[in-house]
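Visitor: What follows is a structure written as structure tokens; I'll ask about it next.
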Amino acid sequence: MTTLHPLVVQIARLLLARQETIATAESCTGGRLASYLTAQAGASNWYASGAITYSEKQKVELLGVDPSLIARHGVVSREVALAMARGAQARFGANHALATTGFAGPLGGTPESPIGTVWIGIALGSQLYAHKLRIQKGREALISEVCREALQLFIHHYTTKK
């Protein structure tokens, strides 16, 4: 947590200043992102809730991801990451949301999305952003890297949005 702590503190300050909240929807990070965010004292003032939706079924049932998106684009895709973020935002009544979906390995992956492929979906109010990562690290290092990137990308988009 120590390396991510300054990012979490910055997110907390940004959200508190506008009295806004964030939610998470996680697949490949398995709740680690929510864990980092809620480790910050006072997180209940700006962290709404989160979901670990590892299975396709839970992405559909809990977050409202359209199954046809998964069928057309795959579970690790821009479209699904954005749908997860939008679903978490709506489900938990948050102003904003972060979502992660990817193949952390050592199993999984496809020719189009090999192990190490991750999509981060960000919902900032009505605006949506998606970022694709290719991380060639072991599972634990990949998860930490995805969390760091997700927090940094949220800060970037939040501070530059119009």
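The values are calculated or read from the model by the stated rules, or taken from the named source; none is laboratory data. Computed from a predicted structure; not experimentally measured. All Cβ positions, even for glycine, are placed from backbone atoms using ideal geometry, and neighbour counts span all protein chains on display. These area figures cover heavy atoms from the full protein model, side chains too; ligands, DNA and RNA do not enter into them. Shrake-Rupley method; radii C 1.70, N 1.55, O 1.52, S 1.80 Å.
Visitor: Could you tell me whether any residue of the stretch 15-24 is of a type in the set (A, V, I, L, M, F, W, C), open to solvent by less than 30 Å² (accessible area, probe 1.4 Å), in contact with an Asp or Glu (Cβ under 8 Å, 6 or more places away or on another chain) and within 26 Å of Val65 (Cα to Cα)?
Guide: Residues of the stretch 15-24 that are of a type in the set (A, V, I, L, M, F, W, C), as a first pass: 15-17, 22-23.
Now narrow it down to the ones that are open to solvent by less than 30 Å² (accessible area, probe 1.4 Å): 15, 22-23.
Checking which are in contact with an Asp or Glu (Cβ under 8 Å, 6 or more places away or on another chain) leaves us with none.
No, because not a single residue in the stretch 15-24 is of a type in the set (A, V, I, L, M, F, W, C), open to solvent by less than 30 Å² (accessible area, probe 1.4 Å), in contact with an Asp or Glu (Cβ under 8 Å, 6 or more places away or on another chain) and within 26 Å of Val65 (Cα to Cα).
Conditions tested, residue by residue: (1) within 17 Å of the chain's Cα centre (by Cα); (2) among the hydroxyl-bearing types (Ser, Thr, Tyr); (3) under 16 Å from Ala150 (Cβ atoms).
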site: Ala17; (1), (2), (3): no, no, no
site: Gly30; (1), (2), (3): yes, no, yes
site: Ala34; (1), (2), (3): yes, no, yes
site: Thr38; (1), (2), (3): yes, yes, yes
site: Glu56; (1), (2), (3): yes, no, no
site: Leu62; (1), (2), (3): yes, no, no
site: Ser68; (1), (2), (3): no, yes, no
site: Leu82; (1), (2), (3): yes, no, yes
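Visitor: Another one. Condition first: open to solvent by 10 Å² or more (accessible area, probe 1.4 Å), closer than 17 Å to Tyr158 by Cβ, under 14 Å from the mean Cα position of the chain (by Cα) and not small (Gly, Ala, Ser). Can you find one or more residues in the stretch 115-126 that meet it? Quick ask: steps written out before the conclusion?
Guide: Residues of the stretch 115-126 that are open to solvent by 10 Å² or more (accessible area, probe 1.4 Å), as a first pass: 115, 119, 125-126.
Filter once more, keeping what is closer than 17 Å to Tyr158 by Cβ: 125-126.
From what is left, the residues that are under 14 Å from the mean Cα position of the chain (by Cα) are none.
Within the stretch 115-126, not a single residue is open to solvent by 10 Å² or more (accessible area, probe 1.4 Å), closer than 17 Å to Tyr158 by Cβ, under 14 Å from the mean Cα position of the chain (by Cα) and not small (Gly, Ala, Ser).
Visitor: Also, quick follow-up: Kindly check whether there is at least one residue in the stretch 93-112 that is open to solvent by less than 40 Å² (accessible area, probe 1.4 Å), closer than 22 Å to Val9 by Cα and either modelled with pLDDT under 95 or not in a strand (DSSP E or B) (or both).
Guide: yes
Visitor: Could you tell me which of the residues Leu142, Leu153, Leu133, Leu62 is touching a strand residue (DSSP E or B) at 6+ places or on another chain (Cβ under 9 Å), in a helix (DSSP H, G or I), aliphatic (A, V, I, L, M) and over 20 Å from Ile22 (Cα atoms)?
Guide: Leu142
Visitor: Quick one: what pairs do we get from the stretch 136-162, first residue of a type in the set (S, T, N, Q), second open to solvent by less than 60 Å² (accessible area, probe 1.4 Å), C-beta under 7 Å, 6+ apart or different chains?
Guide: Close Cβ pairs satisfying both conditions: Gln136/Gly116; Gln152/Leu7.
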